[in-house]
Amino acid sequence: MKTEMDFEDLMEEAYQLPNGPAKLGFLEEAARVADVNGMVEEAYEARSEIVDAATFCGYPMKALIAFSWQLGKFDQQPELYDEETLLWSYKWILGKMPDFPEISREKIMELLEDFGARFKSYGYSERSYWYYRFRIFMDFGELEESGRSYDKFRTLDRDFMSDCEACEQDEIMRYFMLKGDDEKVLEVAKPILKGRMSCAEIPHLTLSEILMPLYRLGRTEEADKYQVKGYRLIKGENDFVQSFSEQMEYLTLTNPAKGIDVLEETLVLAADHEDAYAKMLYYAKAAPLLRRWTEEKESEGYRMRLPASFPYEGDPGDLLKLADYFAEHAQTVAAKFDQRNGNTHVSSLIAERRI
């Protein structure tokens with residue numbers, strides 16, 4: 001039988017590792033050992049770490065499952081656990097739930113309301129509730145409702161449970177991007193681009209998001225600089241699959257050979273990623289990149305370097321067929337999002353070429 005020492009050893013090994021599959025493996029084994037031995041508080045601790053690590057290393061579904069278990073245990077004996085840590089994790093989970101088309105709209109809204117009630121009961125600002133409502137309606141493609149939440153959350157005071165200003169600014173930027181207002185996108189991005197706002201994920205996300213707005217405004221010289229800087233920040237990091245898609249979209253139009261380099265360097269991260277939305281966007285942008293690349297003379301006879309784990313059985317030298325493979329995957333997943341959302345927002349998004 002496993003002992004408590006086994007649990008401590010596994011957690012110690014996990015704490016020494018960066019976020020990634022190896023760390024998650026130790027944490028999941030620690031949770032299993034705790035479960036088998038009836039060590040409920042230790043199992044809660046291990047799953048708290050799983051939520052943290054999995055959210056930011058490409059395994060959001062693992063985070064959702066672990067958090068669901070945590071929430072149930074917390075509600076059984078709230079006096080045993082720290083509500084601040086749980087509610088902070090709850091924000092991460094709310095931010096990820098819309099990225100899975102199999103999670104119903106009703107379930108997402110139910111959890112949003114539960115999240116809001118918990119924040120209120122512990123005396124925290126309602127800003128976080130309205131901010132996440134703003135984000136979720138953006139994910140649903142309902143910009144009018146999202147706009148109402150945007151107006152509301154901006155009037156409410158911040159507290160220590162609020163997301164950082166840089167993350168909020170980046171989400172506001174996304175809102176104006178969805179509205180198609182490129183000038184406003186760049187205006188909102190200014191504090192980030194000037195270095196006055198930053199965090200662990202900003203400006204990493206921002207620098208790729210502004211590439212297409214800059215391109216459409218004819219500011220490609222600036223965009224080229226941000227593309228290089230942005231890619232340097234996210235290269236090799238599997239939490240930035242959506243950013244890779246934005247890099248490829250821009251490079252398709254400006255430097256497809258460089259775009260192919262990005263595709264080959266990042267496909268292994270995208271293909272294994274659990275976030276269905278980010279992976280769909282990546283595949284949606286890989287398809288036109290490959291088609292554009294076939295128009296270049298240097299693509300003649302080129303064979304894509306695909307990861308061994310990539311489940312494509314066709315000829316990697318047939319670039320147009322590979323493009324079709326990516327496009328079909330993206331369209332299939334987009335249709336699932338549309339069915340969940342009750343509109344055609346996501347399909348329109350991946351088909352959109354506002355240039």
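Regarding residue 16, is this residue open to solvent by 70 Å² or more (accessible area, probe 1.4 Å), over 29 Å from residue 237 (Cα atoms) and either modelled with pLDDT under 95 or among the polar types (S, T, N, Q) (or both)? No: the conditions fail for residue 16. Using the structure shown, decide if residue 63 is more than 30 Å from residue 282 (Cβ to Cβ), of a type in the set (A, V, I, L, M), open to solvent by less than 20 Å² (accessible area, probe 1.4 Å) and without any contact (Cβ under 8 Å) to a residue 60 or more places away in the chain. Taking the combined requirement at face value, the residue does not satisfy it.
Across segment 73-92, the qualifying residues are those that are open to solvent by 70 Å² or more (accessible area, probe 1.4 Å) and charged (D, E, K, R), and the one among them that is farthest from residue 126 (Cα to Cα) is 79.
Taking first residues from segment 176-200 that are part of a loop (DSSP other than H, G, I, E, B) and of a type in the set (Asp, Glu) and partners that are modelled with pLDDT under 95 and open to solvent by less than 80 Å² (accessible area, probe 1.4 Å), no Cβ contact under 6 Å between residues at least 6 apart in sequence or on separate chains turns up. Restricting 136, 103 to residues that are part of a loop (DSSP other than H, G, I, E, B) and in contact (Cβ under 8 Å) with a residue 24 or more places away in the chain narrows the list to 103.
Per the listing 271, 334, the residue uniquely modelled with pLDDT of 95 or more and surrounded by 13 or more Cβ atoms within 10 Å (Cβ to Cβ) is 334. Residue 89 meets each of the listed conditions (1) within 19 Å of the chain's Cα centre (by Cα); (2) assigned to a loop (DSSP other than H, G, I, E, B) apart from (2). Note on segment 142-171: residues that are crowded, with 19+ Cβ neighbours inside 10 Å and in a loop (DSSP other than H, G, I, E, B) amount to 1. Any residue at all in segment 305-321 that's modelled with pLDDT of 95 or more, of a type in the set (Ser, Thr, Tyr) and exposed (fewer than 14 other Cβ atoms within 10 Å of the Cβ)? No, segment 305-321 contains no residue that is modelled with pLDDT of 95 or more, of a type in the set (Ser, Thr, Tyr) and exposed (fewer than 14 other Cβ atoms within 10 Å of the Cβ). Residues being touching a residue at least 60 places away in the same chain (Cβ under 8 Å) and either under 15 Å from residue 326 (Cβ atoms) or charged (D, E, K, R) (or both): count how many of those fall in segment 231-268. Within segment 231-268, residues that are touching a residue at least 60 places away in the same chain (Cβ under 8 Å) and either under 15 Å from residue 326 (Cβ atoms) or charged (D, E, K, R) (or both) number 2.
The values are calculated or read from the model by the stated rules, or taken from the named source; none is laboratory data. All values derive from a computational prediction rather than experimental measurement. Here the Cβ is made from the backbone with ideal geometry for all residues, glycine too, and neighbour counts use every protein chain on show. In case anyone asks, the SASA skips ligands and DNA or RNA and just uses the protein heavy atoms, side chains included. Shrake-Rupley method; radii C 1.70, N 1.55, O 1.52, S 1.80 Å.
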